[in-house]
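Only the coordinates and a few stated rules stand behind these numbers; no lab work does. None of the values given here were measured: they were computed from a predicted structure. In this analysis, Cβ positions are derived from the backbone assuming ideal geometry, glycine residues included, and neighbour counts consider all displayed protein chains.
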Amino acid sequence: MDGTFEKRKKIIYALICDDYYIPMKLKEIAALLQVPKDQRQELKDVLDSLIGEGRIRVSKKGKYCKGETQTLTGVYQANPRGFGFVTVEGREEDVFIGEDDTGGAFQGDTVEIVLTREKDSSRQTGRDSGRRHRCEGRVVKILERGVTDLVGLYEKPKKKSYGFVIPDNRRFLEDVFIPEGKDGGAVDGHKVVVELTDYGGSGRKPEGRIREILGHVNDPGVDILSIVKGYDLPCEFPEKVMNQAERIPDHISEADMAGRKDIRDWQMVTIDGEDSKDLDDAVSLIKKGDSYVLGVHIADVANYVQEGSALDREALKRGTSVYLADRVIPMLPHRLSNGICSLNEGEDRLALSCIMTIDGAGHVTDHEIAETVIRVDRRMSYTGVAKILEEKDPEETHRYEEVVPMLRQMAALSGILREKRHRRGSIDFDFPEAKLILDERGKPVDIRPYERNTATRLIEDFMLLANETVAETYFWREAPFLYRTHGAPDEEKLRSLAIFINSFGYTMHISGKVQPMEIQKLLGRIEGTPQEALISRLALRSMQRACYAPENEGHFGLAAKYYTHFTSPIRRYPDLQIHRIIKDDLRGRLNEKKAEHYRKILPGAAKQSSQTERRAEEAERETVKLKKAEYMSDHIGETFEGVISGITKWGMYVELPSTVEGLVHVSSMHDDHYEYREDRYEMTGSHTGRTYRLGQKIRVRVAGADRLQRTIDFEIAKEGGKDHGESEDRREDDRQQQEGLS
């Protein structure tokens, strides 16, 4: 049979290589060769084999052509269901890799692939309308392993000398075999770090040795420590870095203040969360006639972290501070982040200030960027400021009476700025994030939405304006710079959305270049309607992720022509980097030689900052999922009302008012056989006709919660049962996407 198959391959390949051959589709080749309908699958198998060998390829229109094999290099991203994607630098879309074409690649491996099918860009109709047809490929060579260590749960069968590690990361699909003598003293139930010594293949499991024991799976803190290790987040600072930090004084001197604008007599406050310790931004405001003079004062971290120093190299390596449920992994040592760089109440501090004059319509009519010396009058919290501005709380108002008039003016200016952004088309997806309440052992005792209030919006408005002002200033100075960029949405997704919302009577103009105003108008029209949850989610999912870049490409979500990150140098490296450029410019040191130096290093800094930001977001998301699963494990059997937040072939995701999300697996829906309709974002029973749609309210019962897999299972609740909530529109992936816009 193998001989026959190879003969057929030779015949087909000779046909396609013939000078008179015109590219044909499968049906056309079958007709030419007079292949009966019942043997067309065999013909397709032959063609697929030739594609897999790179000898032929399939065009965008599905026609078979001679190979001209092109290899691409990229990073493999595995999916828990067996398939994966390869991200190739310079290509807009990832290449899909089928389960049988992974070539033994692991998550994060650098691989060489051949394309087996190009993207079908033709528009679809009917049930497949809006379905995305990616390029497909096959891994032909693993160039470099991306992962050498894994974190997981060690299991040792009774009376056996060997064991296995079950990886925490579900992208690693196989358990790791631990031979006798390689367990490092681990016992059944330990969370461990395993070093891979053999990546397996051809029916063999990967092998490894246990390098570190994190603790027992039930020990407090081990769960989050496992995430820290799994994402390779650096916990301890190297000795050289700590020694350098220790040499930095804990107060500023007269020499530090020389040549700076002294504004210590300006009234200013910090407004942060109650638990915040790294206070890197302060705000001031006075009114001059009909204009406002807003000062956004940012800690001058660059004064203490010199480029190329041990502190700087470590900050670049970390890229960002990481905020997990029970700990913070800072970008800079605490002596800096909580000490001399923190804008503490009543302390003299060095700052980089953006002082803006703003008219009654919210336009910046004048501005100054300066190195300053400041002294914060009051350290305030979002909750306290909201009590003053929203609730008119007499006790809180009396406590901060000297700054209350300024706070009220700030609220007025905040409203003006927000309205101005709204008029130009800025998109505001107001999905609340989860607030975790943990006890002293790290066990979640409550989970609820963290709502935005007047104070959080006020600070957001002022920081956005400072970021835009600084970005525009340095764009027109043609200085080397780092920008925060956000591209236009995926056109196919928007086209699918436009088709879908037509069924609800809504329209969206998407011909030509899509404008943010169109999405903002849509969100305005659906506000308060039954379809708001559904359409808001789909609009959000059409958005790209924001990233850092040395070129200014604008920010679609904010409808801003110029945008950067200037306001958080304690916790974000890009902010620290541009502070150095600004200070060199202010001091007249940004000559062509210095500018060329920055142009050389900025692409690397942008890439590293974007990658570490993504790593931090994923670690934070996994921590939240872990604590949600742990919390819901105490609520098995209880009934809640939620909203359908996602529909897939394998089931429906349902989100509760607390932001907890779980899966109703299609296998648990015994009352009917449900068919998934991707084009309509719904699931319909073939017998009952019952339909479940994205955004629909539904009552579910908690069927299970797995802390190790960080998953929650729901089942559709029958009538009755105690109700523990009302529906609300949020989903964890959407929160991450929303954060990725700003």
Net length gained if the chain between Arg448 and Asp232 were fully extended (0.36 nm per residue, minus Cα distance): 74.9 nm
Ranked packing of 97-106, 238-247, most packed first, by mean Cβ within 10 Å: 97-106, 238-247
Rough spin-label spacing in nm, given labels placed 7 Å along Cα→Cβ, for Lys593 and Asn502: 6.4
The chain: calculated mean residue ellipticity at 222 nm from DSSP helix runs of at least 4, using -39500 (n - 2.57): -9500 deg cm²/dmol
For the stretch 149-219, the fraction of alpha-carbon pairs in successive 10 Å shells from zero, as %: 23, 58, 18, 1
In the stretch 260-341, GluC sites (Glu not before Pro) in a DSSP loop with at most 13 other beta-carbon atoms within 10 Å: Glu274
Stokes-Einstein D (µm²/s) once Rh is taken as the Kirkwood radius of the chain over alpha-carbon pairs, at 37 °C in 0.692 mPa s: 113
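Evaluate the relative contact order of the chain (contact order divided by residue number), counting alpha-carbon pairs under 8 angstrom at least 6 apart; express in whole percent. Before the final figure, lay out the partial values.
Details: 1482 pairs, mean separation 70.3, N = 742.
Value for the chain: 9 percent.
Hey, fewest Cβ within 10 Å first, where do Ser610, Ser253, Ser276 land in order? Write out the running numbers ahead of the final one.
On the way: Ser610 19, Ser253 9, Ser276 16.
Arranged by neighbour count, lowest to highest, Ser610, Ser253, Ser276 become Ser253, Ser276, Ser610.
Please report the net charge: other residues with Cβ closer than 13 Å to the Cβ of Lys443, K and R +1, D and E -1.
Details: positive: Arg441, Lys627, Lys628, Arg707; negative: Asp219, Asp223, Asp326, Asp439, Glu440, Asp446, Glu630, Asp634.
So the surrounding residues net to -4.
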Size of electric dipole in the chain: Cβ of Lys, Arg +1 and of Asp, Glu -1, about Cα centre, debye, nearest 20: 2280
Around Asp393: net Lys/Arg minus Asp/Glu count, Cβ-Cβ under 11 Å: -1
Extension gain, Thr110 back to Ser291 (0.36 nm per residue minus Cα-Cα distance, nm): 59.6 nm
Pairwise label distance in nanometres, Thr529 with Asp439, each label 7 Å out on the Cα-Cβ vector: 4.7
Order by protection proxy (mean Cβ within 10 Å, highest first), peptides 213-219, 557-563: 557-563, 213-219
Residues of the stretch 203-242 with amide N under 15 Å of a point placed 7 Å along Cα→Cβ from Glu195: 207-213
Rounded tilt (10° steps) of 2-17 against the dominant C-alpha axis of the chain: 70
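Would you mind putting 548-554, 444-450 in packing order, based on average other-beta-carbon counts within 10 Å, highest first?
On the way: 548-554: 18.1, 444-450: 15.3.
In decreasing order of mean packing, 548-554, 444-450 become 548-554, 444-450.
Using Cβ contacts closer than 10 Å as the measure, can you line up Tyr154, Tyr573 from fewest to most? It would help to have the intermediate numbers written out before the result.
Numbers: Tyr154 23, Tyr573 29.
Placing the least packed residue first, the sequence is Tyr154, Tyr573.
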FRET efficiency, 1/(1 + (r/R0)^6) with R0 56 Å, evaluated for Gln306 and Lys160 via beta carbons: 0.50
Centre separation in Å (Cα based) which lies between the stretch 193-240 and the stretch 639-690: 35
Anisotropy class of the stretch 471-573 from Cα gyration tensor, a/c 1.5 cut: prolate
Loop-resident sites, the stretch 1-92, for GluC sites (Glu not before Pro), counting at most 13 other Cβ within 10 Å (DSSP): Glu68, Glu89, Glu92
FRET efficiency for Asp275 and Asn218, using Cβ-Cβ distance with R0 set to 22 Å, rounded to 0.05: 0.25
Residues Trp266, Trp650 arranged by fewest to most Cβ contacts within 10 Å: Trp650, Trp266
DSSP-defined antiparallel bridges as percent of all bridges, the chain, nearest 5: 90
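Only loop residues by DSSP count here, and only those with at most 14 other Cβ atoms within 10 Å; note down the trypsin sites (Lys or Arg not before Pro) in the stretch 181-227 that meet that.
On the way: sites: Lys182, Lys191, Arg204, Arg209, Arg211; in loops: Lys182.
In loop regions of the stretch 181-227 (DSSP not H, G, I, E or B), there are no sparsely surrounded trypsin sites (Lys or Arg not before Pro).
At a Förster distance of 30 Å, what's the computed FRET efficiency of Phe83 paired with Lys61, Cβ-Cβ distance as r, to 0.05?
0.80
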